[in-house]
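Below: the structure, in structure tokens.
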Amino acid sequence: MGFCFGVRRAIEILEKAAVEHGRLETLGPAVHNQRVIAKLAGMGIRVAESLADLQGDIIAISSHGAHPKVLEEIETRRLRLIDTTCPIVHSAQMAAKGLAEADFSVIVFGDAHHPEVKGILGWAGERGMAVLDEQAIAEFDRLPHKLGLLSQTTQSSDRFARFAKKLIDLVIAQGSELRLINTICDVTRKRQMAALKLAGNVDLMVVVGGRNSANTQRLAEICSTTGVETHLVEEAGEIEPGWLQFHHHIGVTAGASTPDEAINEVILALENLTRDR
């Protein structure tokens, strides 16, 4: 539970930059957790919603990465760049770029509105599209002759596998070429499997993390598939005592951008509620 390598690395880079430069800005939230953003703000790190919103000349790219056109504009404007892109996300970007340069059309299995996916699509140029719905495959009248498939790094491994299998069937039927690159973060996959196993052995799951965090949402979805009652909370104050009624085994998991203190506070709150019953 708690910070993954990519998030911890990004925060360490930003904290070091704040000490060195005093004030700086991130292009969008550094990570999808309000508690972390508030802590960074206290160190002088402001969130800029766009390059047009900049107040200074030091800009940090979040762990989700960025569209290459954004990086080009930063260079054109001679801004000082601090790049905290997760290395695993960077690998996905380079995979998309390599596929596009080899004349492959690129499908990214992910949320088209998520900043990571927007960035990956940018590296595919005009040859990329994002898809999450497995039914979308059936809507293809004719697949491109050369097709590449990769995933948003925080997607469910099972959902990606199901999507890939359906696409493989269609590719074989139409005689197209498919190149599949598994870009799901291995830490994300292992956490999902651990959460799934835990959910199968309890009668209540509490998932701790930001509601706008893709990997946290995925953990909640995966736990729910077991049929266990699942609640996503950002902080301990959101826990409702009524959740614990008739439940005797409680599981806790947390997203990759959730700070340790938030997790510990939730566990302490649950322990206090069970003790008072």
**Message:** Looking at the stretch 141-155 only, could you name the residues that are surrounded by 15 or more Cβ atoms within 10 Å (Cβ to Cβ) and modelled with pLDDT under 90?
**Reply:** L143, P144
**Request:** Kindly check whether there is at least one residue in the stretch 142-149 that is closer than 26 Å to V7 by Cβ, charged (D, E, K, R) and in contact (Cβ under 8 Å) with a residue 40 or more places away in the chain.
**Result:** no
**Fill in**
Screening A164, A214 for residues that are outside the structural domain of I61 (by TED's automatic domain parsing), touching a strand residue (DSSP E or B) at 6+ places or on another chain (Cβ under 8 Å) and not charged (D, E, K, R) leaves only A164
**Message:** Can you tell me how many residues within the stretch 96-140 are charged (D, E, K, R) and within 18 Å of the chain's Cα centre (by Cα)?
**Reply:** 4
**Residue satisfying all of: in the stretch 195-212; assigned to a loop (DSSP other than H, G, I, E, B) and at pLDDT 90 or above; surrounded by the most Cβ atoms within 10 Å (Cβ to Cβ) among these** = G209
**Fill in**
A careful count of residues in the stretch 233-249 that are outside any loop (DSSP other than H, G, I, E, B) and under 16 Å from Q34 (Cβ atoms) gives 4
**Prompt:** Does the stretch 258-269 contain at least one residue that is of a type outside the set (D, E), closer than 29 Å to H113 by Cα, touching a Leu at 6+ places or on another chain (Cβ under 7 Å) and surrounded by 23 or more Cβ atoms within 10 Å (Cβ to Cβ)?
**Reply:** no
**Request:** Pick out, from the stretch 1-93, the strands (runs of 3 or more DSSP E) lying fully within it that include 2 or more residues that are touching a residue at least 24 places away in the same chain (Cβ under 8 Å), under 22 Å from the mean Cα position of the chain (by Cα) and on the phi < 0 side of the Ramachandran plot.
**Result:** 24-27, 58-61
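Can you give me the number of residues within the stretch 257-266 that are part of a loop (DSSP other than H, G, I, E, B) and touching a Lys or Arg at 6+ places or on another chain (Cβ under 7 Å)?
Residues that pass the stated criteria total 1.
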**Request:** Hand me the list of strands (runs of 3 or more DSSP E) wholly inside the stretch 95-194 holding 1 or more residues that are more than 25 Å from S63 (Cβ to Cβ) and of a type in the set (A, V, I, L, M, F, W, C).
**Result:** 146-151, 177-180
**Prompt:** Cβ-Cβ below 9 Å, separation at least six or inter-chain, first residue in the stretch 194-219 and in contact (Cβ under 8 Å) with a residue 12 or more places away in the chain, second basic (K, R) and part of a helix (DSSP H, G or I): which pairs?
**Reply:** G210/R35; N215/R191; R218/R159; L219/R191
**Fill in**
Counting only residues that are more than 16 Å from T85 (Cβ to Cβ) and small (G, A, S), the stretch 1-57 contains a total of 11
**Message:** For the stretch 89-120, which positions are under 14 Å from A66 (Cα atoms) and surrounded by fewer than 22 Cβ atoms within 10 Å (Cβ to Cβ)?
**Reply:** H90, S91, M94, K97, A112, H113, H114, P115, K118
**Message:** For the list (1) over 27 Å from I137 (Cβ atoms); (2) assigned to a loop (DSSP other than H, G, I, E, B), I need the number of the one condition that V252 fails.
**Reply:** (2)
**Message:** Being of a type in the set (D, E) and over 28 Å from S63 (Cα atoms) is true for just one of E240, E234. Which residue is that?
**Reply:** E240
**Asked** What number of residues within the stretch 99-125 satisfy the criterion of being without any contact (Cβ under 8 Å) to a residue 24 or more places away in the chain and either aromatic (F, W, Y) or touching a helix residue (DSSP H, G or I) at 6+ places or on another chain (Cβ under 9 Å) (or both)?
**Response** 2
**Fill in**
Residue set A269, A220; condition in a helix (DSSP H, G or I), farther than 30 Å from L99 by Cα and in contact with a Ser or Thr (Cβ under 7 Å, 6 or more places away or on another chain); output residue A220
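The values are calculated or read from the model by the stated rules, or taken from the named source; none is laboratory data. Treat the numbers as computed from the prediction; the structure is a model and nothing was measured. Please note: Cβ atoms are built from the backbone with ideal geometry, for glycine as well, and neighbour counts cover all protein chains shown.
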